[in-house]
Structures are given as C-alpha cells and as structure tokens.
Amino acid sequence: MANLGHPKCANSETERIVPQGTIKGRVVDAETKNPLPGASIILLDTKRGTMADTEGNFVIGGVPVGGYTVKFTLLGYEPLSQTDIIVRSNRTTFLEAELTVSVLELKGVTVTSGFFSRTEEQPTSVINFSSEEIRRAPGSAGDVSRIILGLPSLAKVNDQSNDLIVRGGSPIENAFYIDNIEIPNINHFPTQGASGGAIGVVNVDFIQDVNFHTGGFSAKYGDKLSSVMDIILREGNRSEFDGQLDLNFAGFGGQAEGPMFNRKGSWLLSVRRSFLDLLVDAINTGTDVAPRYGDFQGKTVYDINANHKLIGLIIGSDDHNSPDKASAVDNDMIVYGNQNIYENTAGIDWRALWSKNGYSNTSISYASSKFNEDYYETSTDLHLLQNRSWEQAYQLRNLNYFRLSQRNSIECGVEFKHLITDYRNFYAVYTDAFGDTVPSFVLDDEITANKMGIFVDYIAKPFTRLTTTLGVRGDYFSYSKKWNISPRLAFSYQITNRTWVTGSTGLYYQNLPLILLSQNEENRNLKDPVAVHYILGIEHLITENTKFTLEVYQKDYSHFPVDPTQPALFLIDEIYYRYGFFFNHQNLLDKGKAFSRGVEVTIQKKLAERFYGLTSASYFRTRYQGSDGIWRDRVFDNRFIFSIEGGYKPNRKWEFSLRWIYAGGPPYTPFDLQKSKEINREVLDENRINQSRYPDYHSLNVRFDRRFNFKKTNLIFYFSIWNAYNRKNIASYFWNEKKQKQDVIYQWSFLPIFGLEYEF
C-alpha cells in the first residue's frame with residue numbers, strides 16, 4: 001500500500017512498524033451545510049477509503065503516519081480534494097469537507113479533482129489557506145497574517161510589522177472574523193485604530209480554514225474598505241484527551257483538547273507566553289528593552305441535537321513593553337516609556353439547520369481593547385503622550401442562507417454593535433511633520449454609539465455556465481447619524497471545464513476610528529470614506545492541482561479626512577509613518593481622494609505530490625490627493641512585487657521550503673536637514689512630499705521541518721532563517737537626536753528561528 005510521502009509501496013511488515021493514526025470528519029453541502037450521506041472518501045495513492053454515514057460522518061482508522069491527499073466525491077456534486085492532511089501517531093486528524101452542487105452538464109467534459117475550492121457568492125479576489133500551509137510557511141512564524149504578506153495584493157513595506165496593506169489600502173481597512181465573530185485585531189502590540197501589529201495572536205494549530213478576500217467581497221461584510229480575513233477554527237477531539245507543548249524563538253506554551261457533554265461536544269484551550277524578557281533578565285544585560293506578551297484562546301462546541309450547535313469562543317492577549325531612558329539612548333530610540341495593552345473577545349455562535357435548503361448563524365459577542373501607554377521624548381524627557389483608552393463593543397451578527405432552487409439562492413442577515421469608549425488621553429505640545437508647533441490637547445470623553453447593518457445577496461445561475469451575485473447593504477452609525485447604502489455585483493462565467501472569467505464591482509463604506517473622530521465635535525459631520533471596487537479576472541486550471549489567476553483592479557476612494565494645516569499630507573497614512581493617531585487633529589475636512597490600480601498574476605500549485613508552491617507578480621500604483629489638490633504617491637506604492645515560495649517533501653519525515661520576495665522601494669519624504677538641525681527633531685521637506693524612494697526590497701526565508709513519530713507521541717522540530725543572505729533592507733529614516741543627524745532603521749537582519757512541537 002502506497003501513500004503520499006512514501007517513495008515505495010509499503011509491505012505488511014512496514015505497516016506493522018510504522019505508527020498509525022486516524023482520520024475522522026464530516027461531509028456537508030457547501031451552501032446549505034446539510035450532511036451528505038453516501039459521499040465517498042478516498043486516500044489517494046492508497047487503497048484506503050470509506051463512505052459517509054447518514055449524518056455525513058466518516059472514520060478511517062489504522063492509517064500509517066504521513067501526509068495524504070483526501071478526495072471526496074458524490075453524485076451531483078463537484079469532487080473535492082484536500083491536500084496536506086497530516087496523520088500523526090495515536091492522534092485523530094479531523095476534516096470538514098464542503099461539496100458544491102454540480103450544474104455543469106456537458107458531453108465530453110472531464111471533471112477535475114477539486115484541489116481548489118470556489119465560493120459562489122465571492123468569485124473574485126479570494127484565496128484559501130489550510131492550517132498546515134500556514135504553519136509551515138517560511139518567514140511566517142505561524143502567523144496567519146505573515147503568510148498572506150507573500151501574496152501579490154499586499155504591499156511590502158516593513159518586516160517588523162504584519163500590517164496588511166491590501167491593494168493600496170491603509171492598515172485601518174481590514175476586517176477579521178473567527179467563527180462568525182468579528183475580532184477587532186488579531187495581533188500582539190496592535191496599532192490603535194488599525195488592524196496590524198507585531199505578531200499574530202491566533203494559534204495556527206486551531207485553524208481549520210482561512211479565506212482571505214482582497215476586494216469585491218459580498219454584502220455580508222461591511223464597514224471595511226479593502227479586505228476581509230474569515231477564519232474557521234476546528235473542533236476539539238470528541239473521543240479522547242490530546243495535549244501539546246510548544247517551544248520556539250518567541251516563547252513557550254501548551255494546548256489541550258478533549259470531549260465534553262458525554263461526547264456531544266468538545267473543547268480546545270491554548271496558553272502561550274513570550275520569554276524574551278526572561279532571557280534578558282537571565283543574562284543581566286542591564287536593559288529593559290525586551291517586550292513581553294502572552295495570549296490564550298479557547299473553543300467549545302455542544303450539539304443540542306443533529307441540527308443545532310452552540311460554539312463558544314474566547315481569545316485574549318496582553319502586551320507589555322517598558323524601555324527606560326538608558327535603553328532608549330543605547331538603542332537610538334527617540335522615545336521611551338511604558339506600554340500595556342489588553343485585548344479580549346468572547347462570544348457564542350448558534351448554528352442552526354432549519355431545513356434541507358437553509359441554515360443560519362447567529363452570534364453574540366463582547367470585545368474589549370485597553371491601552372495604558374506613556375511615551376517620553378528621549379532627548380528632553382518631555383511627556384509626549386498619556387493614552388488611557390478603553391474601547392468596548394457588544395455585537396450581534398446573524399446570517400441566513402436559503403436555497404430557493406438549484407439555480408437560485410439568497411443570503412441575508414443583520415448586524416448590531418453597541419460601542420462604549422472611554423478616552424483619558426493627553427497629547428503634549430509638539431512639532432508636527434513640518435516643524436510647526438502643535439498645541440497640547442486633552443481628550444477626556446466617554447462615548448456610546450450604535451452601529452447597525454442589514455444585507456441581502458441574491459445568487460442566481462441563469463444558465464449552466466454563469467453565476468451572478470447581486471447584493472445590497474445598508475449601514476447606520478449613530479455617532480454621525482448617517483446611513484450608507486452599498487450595492488454590489490459579482491459574476492463568474494465558465495468558458496470551459498478549466499477556465500473561468502470573473503468580475504465584481506461595488507461600493508464600500510467605512511466609519512473612521514473613534515480615536516480620530518472624538519478629537520473634535522465637528523468631526524461628527526465628516527462623510528464616511530468610500531471606495532468603489534472594479535475587478536476583472538481569469539482563472540485557469542493548468543493541471544488539476546495547479547491554477548493560474550490573472551486579475552486587474554481599480555479602487556477609487558473619496559471622502560478621506562485631511563488636516564487643513566497640513567494640506568499636502570494624507571492623514572490616514574499616519575498610522576504607518578507617524579505611529580498612529582497620537583497627534584492633535586481637531587479640525588478635519590473630508591476632501592481627501594485616492595486611487596489604486598494594478599494587475600496581479602498568480603500560479604499556485606497544491607501539494608498533490610511532493611512539490612507545492614506559489615509564484616506571483618504584480619504591478620500597481622496607489623496615489624492620493626490632499627486638500628491642496630495635488631496628486632502624490634502614497635507611502636505604500638511599491639509599484640511592482642514578485643514572490644516565489646514553495647517546498648519539497650521527500651518523505652513523511654522531512655520537508656524543505658523557501659520564500660523569496662522582491663519589491664520596489666516605497667516612497668518617502670526626505671528631511672529638511674536645516675530645520676531638523678535647528679530644533680533637533682525630524683522635519684519633513686514639504687516641497688518634496690513622497691518624492692524619494694527607499695532602495696528596492698528583497699529577502700530570502702528558508703526552512704526545514706523534521707517529524708518524529710513515536711508509538712504514541714509525535715515531535716516536530718523546525719529551523720528557519722529569515723533574510724538568509726542578510727540583505728540590509730531599510731525600514732525608514734529617522735532623526736537621531738543624540739547624534740543630531742539623519743539615521744536609518746533597518747528591517748530584520750539574518751535571523752535564525754527554531755521551534756519544537758511535542759504532541760502527547
């Protein structure tokens with residue numbers, strides 16, 4: 001019997017000495033979520049297989065450890081093949097297979113094996129990753145955001161942050177959902193008002209599936225201009241207790257899972273903590289510059305009956321950094337102080353199958369973000385900022401899907417948020433980007449506001465080859481007392497059994513962060529920023545496991561906030577080059593405009609054999625117009641990006657992978673050296689806004705994994721090198737107040753990373 005990862009067929013004696021595991025799972029209809037009894041499940045390149053029972057469940061036991069491709073088939077449905085299915089010693093691997101109804105009935109058509117899933121209502125600008133693809137990606141450190149940074153839709157600006165800059169959009173324009181619950185930010189050391197941070201919070205071992213939408217997303221997602229990351233966490237083991245201990249360069253932790261409610265449910269729990277600060281203390285460096293952070297997350301599942309399920313989710317993190325003045329001086333830091341951030345989200349999702357043709361997801365949740373920060377200027381000890389912010393949100397989200405007929409379906413729902421924010425912030429007298437004095441400012445306010453959204457998508461297949469989605473969304477924000485109506489349209493036309501033409505367009509609105517709006521009562525009157533998306537693409541299956549995608553897009557923005565005292569700057573980009581909205585912006589206009597346009601090419605090969613990979617290239621432009629009416633390049637305008645990543649698995653024990661990225665240097669504004677010297681602070685040259693460019697970026701990350709499968713336990717050791725040839729990529733220039741001259745901050749240098757995962 002042969003299996004993927006074994007170069008030769010195994011004889012019966014080999015089977016006896018090779019440790020074994022189990023594959024369990026469920027097969028459901030991708031649209032209605034109803035179970036599909038009788039579905040066939042086959043482990044490719046082996047003689048192993050089974051059929052789904054009346055509830056869609058299946059079990060394949062006694063499977064030798066290794067990597068497999070599992071194929072699902074059922075008459076009337078498109079076949080589906082899931083790759084990277086890892087079987088481990090004395091462990092159970094769980095799968096959830098969603099099959100799509102087949103409507104293509106052409107003579108002589110060869111049906112493909114379904115290595116790439118397609119979303120009916122979202123035919124453009126979406127890519128899917130499994131947990132194994134995220135876990136093993138070089139340069140990702142198990143961070144779901146960092147694997148996505150290799151896609152052509154993402155600008156390449158700075159390795160030290162995982163901010164998602166999607167098709168020219170700023171880091172405030174991205175949404176995250178986990179099991180139908182919106183998470184404000186999934187990162188440690190988050191930027192207030194935005195969506196990025198230093199490293200991800202979500203435990204990759206808990207992830208079942210990730211869909212990342214880079215534009216043209218359907219009406220069920222609102223209040224974001226650029227992207228949506230939709231994460232589904234797997235369920236815990238319903239049969240037995242499983243545990244895991246982790247140790248890597250960043251920290252240590254553990255996770256456990258097991259059955260509950262007499263096996264009518266399960267639980268998952270993970271706790272992790274960094275240890276960089278412990279190392280610093282142990283070697284007595286005399287510095288307090290090492291950050292420390294931790295996170296916890298859990299998921300519970302309870303089956304009320306065959307058609308109703310309750311899912312509980314909790315995810316939280318705490319981040320601390322407290323460099324003193326001595327550390328700041330030694331490390332050329334322009335500020336020092338204390339940073340304490342606490343984030344947590346908890347919620348319950350009710351999944352209900354109402355009939356053979358419909359289901360609903362209804363979640364209630366609570367999200368909280370607390371910032372306790374004080375920053376001081378290193379050269380003067382000036383107390384620049386006191387940030388005492390507490391942002392809370394109570395949320396209700398309901399989605400409903402109904403299949404009206406084989407060719408018609410509808411998706412609709414409502415959302416409601418109750419916001420409570422408490423700001424006790426102080427901003428000191430300071431100099432702005434051009435060296436002008438900005439008066440001190442106190443933000444002492446408690447705000448309560450409500451957001452409401454309602455949406456409907458009508459998915460129609462007027463004839464066999466064409467699928468269309470017509471949607472509309474309405475959003476209301478009580479703080480500004482404004483309604484926004486967002487029509488959206490998408491289509492997918494199948495030219496042949498291997499080729500599709502896709503397209504989408506629509507309006508996308510987003511409310512500005514309250515940390516910015518609350519600085520002046522007049523900001524309530526600002527219009528919400530809006531983006532119009534236009535996307536056209538071609539998908540072609542080169543082979544059943546290799547897909548070519550070409551997309552062209554245009555995003556037109558309007559009503560961005562601009563500060564009339566700085567008419568040439570784009571305020572929303574301060575999130576990146578001015579460290580957040582930590583400066584006084586009391587008098588704003590909504591006259592800012594921007595656009596982003598580009599072309600992207602991607603070739604993705606799934607692990608059907610020993611090789612897998614993804615190669616992509618893009619050329620794009622993103623520009624803005626301030627209140628002075630002049631168009632300029634935005635700070636995310638790399639113009640061109642090329643990346644290649646992939647891996648080789650010679651057998652079930654070893655895996656080798658790499659990622660290489662090349663990107664054009666983004667724009668920056670040079671310093672006015674004379675003014676900077678006069679006040680010994682950085683002052684931008686207002687006559688050369690974003691007219692210079694950093695050197696081009698390129699970097700190579702390599703990694704190898706080694707699996708050890710014992711009789712009842714498993715061990716994974718991995719070793720990775722970031723920036724393997726030590727390219728000195730520039731992150732930014734800054735004014736060194738100690739040396740009183742312009743200096744440079746580099747991105748990651750040569751960085752070795754290791755990790756151990758022990759399963760028991």
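The values are calculated or read from the model by the stated rules, or taken from the named source; none is laboratory data. Every value quoted in this text rests on a predicted model; they were computed, and no experiment measured them. Here Cβ is always computed from backbone atoms with ideal geometry, including for glycine, and neighbour counts include all displayed protein chains.
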What are the residues in segment 306-324 that are farther than 19 Å from Ser363 by Cα and crowded, with 21+ Cβ neighbours inside 10 Å, if any? Ser317, Asp319, Pro323
Complete set of residues in segment 56-84 that are without any contact (Cβ under 8 Å) to a residue 40 or more places away in the chain and either over 29 Å from Gly647 (Cβ atoms) or crowded, with 21+ Cβ neighbours inside 10 Å (or both): Gly56, Asn57, Phe58, Val59, Ile60, Leu75, Gly76, Leu80
Could you list, ordered by first residue, the pairs with Cβ atoms under 8 Å in which the first is in segment 525-539 and within 17 Å of Lys451 (Cα to Cα) and in contact (Cβ under 8 Å) with a residue 24 or more places away in the chain and the second is of a type in the set (Ser, Thr, Tyr) and not in a strand (DSSP E or B), at least 6 apart or interchain? Asn525/Ser480; Leu526/Ser480; Asp528/Ser480
Kindly indicate whether Tyr221 is aromatic (Phe, Trp, Tyr), within 30 Å of Gln122 (Cα to Cα), modelled with pLDDT of 90 or more and not assigned by TED's automatic domain parsing to the domain that holds Lys299. no
Can you find a residue in segment 1-13 that is modelled with pLDDT under 90, among the charged types (D, E, K, R) and under 20 Å from Lys711 (Cβ atoms)? yes
Tally time: how many residues in segment 653-672 are in a loop (DSSP other than H, G, I, E, B) and touching a Pro at 6+ places or on another chain (Cβ under 8 Å)? 1
Suppose we filter Gln604, Gln566 for residues that are out of contact with any helix residue (DSSP H, G or I) (no Cβ under 7 Å at 6 or more places or on another chain), polar (S, T, N, Q) and modelled with pLDDT of 90 or more; which single one remains? Gln604
For Arg681, work out the one condition from (1) in a loop (DSSP other than H, G, I, E, B); (2) free of Cβ contacts under 8 Å to residues at least 60 places away in the same chain it doesn't fulfil. (2)
Of the residues Tyr476, Tyr493, which single one is surrounded by fewer than 17 Cβ atoms within 10 Å (Cβ to Cβ), over 20 Å from Gln122 (Cα atoms) and not small (Gly, Ala, Ser)? Tyr476
Among the residues of segment 63-84, which ones are touching a helix residue (DSSP H, G or I) at 6+ places or on another chain (Cβ under 8 Å) and either under 21 Å from Glu133 (Cβ atoms) or among the polar types (S, T, N, Q) (or both)? Asp84
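On the given criteria, is Trp748 at negative phi, surrounded by 18 or more Cβ atoms within 10 Å (Cβ to Cβ), aromatic (Phe, Trp, Tyr) and touching a strand residue (DSSP E or B) at 6+ places or on another chain (Cβ under 6 Å)?
Judged against the criteria, Trp748 is not a match.
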Screening Leu489, Leu512 for residues that are aliphatic (A, V, I, L, M), under 28 Å from the mean Cα position of the chain (by Cα) and in a loop (DSSP other than H, G, I, E, B) leaves only Leu512
Of everything in segment 298-324, what is in a loop (DSSP other than H, G, I, E, B) and among the hydrophobic types (A, V, I, L, M, F, W, C)? Give them in sequence order. Ile304, Ala306
Could you grab the pairs with beta carbons closer than 9 Å, sequence gap of 6+ or different chains, first residue in segment 251-263 and without any contact (Cβ under 8 Å) to a residue 12 or more places away in the chain, second one outside any strand (DSSP E or B) and surrounded by 16 or more Cβ atoms within 10 Å (Cβ to Cβ)? none
Could you say which residue among Ser369, Ser363, Ser389 is more than 30 Å from Phe734 (Cα to Cα) and touching a residue at least 40 places away in the same chain (Cβ under 8 Å)? Ser363
Restricting segment 696-725 to residues that are more than 27 Å from the chain's Cα centre (by Cα) and assigned to a loop (DSSP other than H, G, I, E, B), the residue that is surrounded by the most Cβ atoms within 10 Å (Cβ to Cβ): Thr713
If Phe611 passes every condition in (1) closer than 27 Å to Val126 by Cα; (2) among the hydrophobic types (A, V, I, L, M, F, W, C); (3) surrounded by 17 or more Cβ atoms within 10 Å (Cβ to Cβ); (4) touching a Gly at 6+ places or on another chain (Cβ under 9 Å) but one, which one does it miss? (3)
Within segment 214-223, identify whether any single residue is closer than 30 Å to Ala256 by Cβ and surrounded by 24 or more Cβ atoms within 10 Å (Cβ to Cβ), and answer yes or no. no
Do you know which residues across segment 511-525 are under 11 Å from Leu588 (Cβ atoms) and aliphatic (A, V, I, L, M)? Leu512, Leu516, Leu517
